[in-house]
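Trainee: Sharing a structure here in structure tokens format.
A short reminder: the numbers here are calculations on the coordinates, not readings from a lab. Values in this document were obtained by computation on a predicted structure and should not be read as measured data. Neighbour counts run over all protein chains shown; Cβ positions are idealised from the backbone, glycine included.
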Amino acid sequence: MTMVADRAGRTDRLRFTLPPQLEAPVPPEARGITRDAVRMMVAYRADQRLVHATFSDLPRFLDAGDLVVVNTSGTLAAAIDAEAPDAGDALSVHLSTRLPADLWVVELRQADKPFMDGRPGMVLGLPGDGVVEVLAPYGRSSGRLWVASLRLPSPLLTYLAVYGRPIRYGYVQGDWPISMYQNVYATDPGSAEMPSAGRPFTAEVVTRLVAKGVGVAPLVLHTGVSSLESHEAPYAELFRVSAHTARAVNETRREGGRVVAIGTTVVRAIETVADERGRVHPADGWTETVVTPARGVRAVDGLLTGWHEPEASHLDMLDAVAGRELVERSYRAALAEGYLWHEFGDVHLVLP
């Protein structure tokens, strides 16, 4: 494992080789275990200690007065087959982010890779007489993401229930129903991909947390599509932090409890609405906040997350929460101990 240096010579993201056998190819349920039986490495920042456990042990590592914050965004069946007369092989459209004026950010895919030959004015046919019209490049994606109009014969969720499927990347074997990509507490459909750190939660784990005196508070952040091939910085995402959740975070911190974010999406949302003193305020809208080691975190004490790709932008956030030394130590141990990566894999709990 090495570290990437930027042009100024500053240490940047981790670089390591992820062996193919550590990419989780199927859901835990298809491997003969329950959601909450995936492995969990617990990493303590104070003394750099690592503990190997399973996710069902989570209540053992939290105390009465701690607060778990979850993202209740539900996963859309956001991949749709598409046809373009001059595109050659079949395409698919990945719906990423719904924009104002009923526009969408979309990614065009072909043979499991970004289709980089899109152009303004390109029209793609969808099943059931749906149509996508490509309008303009989006952001800094260099042709990967597009602003598009979407014309469907029925309401979005109805249409996706019939013609859509979960976004799936090459490391996943087989087609799995949308239920395999939903967190048990999801209530508000809108994410292109599952906020997967929360996937191991079961009703039983939540019950045991509450029985121990650990609080559980919701927020919403709708995730866009990943940039597995190019590791781009995060784009703007739609979020909502309620007055109830802001108050719960502030009271937990005031009383000396730990605020544990379930996933990088939760960190982004909380840190978007945390002022310089670490006080969280209710808000909703679009966030462009990027949490880095230089910025640091103001209101989050701990983080449950999956294992991230080499050089992925999420590792910057992990550095901000855990510190580079603990991140390196954790990833070395994860590789050595055979932890599994990606949305169907194992998890990493960072505590102060």
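Trainee: If we count other beta carbons within 10 Å of each Cβ, what is the order of Ser96, Ser196, fewest first?
Mentor: Fewest-to-most ranking of Ser96, Ser196: Ser196, Ser96.
Trainee: Further question: Stretch Val51-Thr17 to full length: gain in nm at 0.36 nm per residue minus the Cα-Cα span?
Mentor: 9.9 nm
Trainee: Which of Lys212, Lys113 has the fewest other C-beta atoms within 10 Å, and how do the rest follow up to the most?
Mentor: Going from least to most buried by this count: Lys113, Lys212.
Trainee: For Ala30, put the label point 7 Å out on the Cα→Cβ axis and report which residues of the range 189-204 keep their amide N under 16 Å from it.
Mentor: Counting backbone N atoms under 16 Å from the label point, the list is 194.
Trainee: I need the phi-derived Karplus couplings for the range 296-311: 6.51 cos²θ - 1.76 cosθ + 1.60, θ = phi - 60°, integer Hz, Gly and Pro marked x.
Mentor: For the range 296-311, the Karplus-derived couplings read x, 10, 10, 10, 9, 9, x, 8, 9, 8, x, 9, 9, 4, x, 6 Hz, x marking Gly and Pro.
Trainee: Further question: May I ask you to compute the full-extension gain from Ala283 to Asp117, defined as 0.36 nm times their residue separation minus their alpha-carbon distance, rounded to one decimal in nm?
Mentor: Taking 0.36 nm per residue and subtracting the Cα distance, the gain is 55.9 nm.
Trainee: At 1.002 mPa s and 20 °C, plugging the Kirkwood radius over alpha-carbon pairs of the range 79-163 into Stokes-Einstein gives what diffusion coefficient in µm²/s?
Mentor: So the translational diffusion coefficient is about 168 µm²/s.
Trainee: Given that just one value was derived from the coordinates, which of (1) 26, 25, 22; (2) 33, 22, 21; (3) 37, 23, 18 is semi-axes √(5λ) of the Cα gyration tensor in Å?
Mentor: It is the value labelled (2).
Trainee: Determine, from the Cβ-Cβ distance of Tyr185 and Asp102 and an R0 of 30 Å, the FRET efficiency 1/(1 + (r/R0)^6), rounded to the nearest 0.05.
Mentor: For R0 = 30 Å, the calculated efficiency reads 0.60.
Trainee: Per-residue HN-Hα couplings for the range 148-153, Karplus 6.51 cos²θ - 1.76 cosθ + 1.60 at θ = phi - 60°, whole Hz, x for Gly and Pro?
Mentor: Karplus values, whole Hz, x for Gly and Pro: 9, 9, 10, 10, 10, x.
Trainee: In sequence order, what are the phi-derived ³J(HN,Hα) couplings for the range 97-106 according to the Karplus relation 6.51 cos²θ - 1.76 cosθ + 1.60 with θ = phi - 60°, rounded to whole Hz, with x for glycine and proline?
Mentor: Karplus values, whole Hz, x for Gly and Pro: 9, 7, 9, x, 6, 6, 9, 9, 8, 10.
Trainee: A follow-up question, please. What's the exposure ranking of Thr265, Thr287, Thr54, Thr17, going from fewest to most Cβ atoms within 10 Å?
Mentor: Least to most surrounded, the residues fall as Thr17, Thr54, Thr287, Thr265.
Trainee: In percent, what relative contact order does the chain have, based on Cα pairs under 8 Å that are 6 or more apart in sequence?
Mentor: Reported as a whole number, the value is 23 percent.
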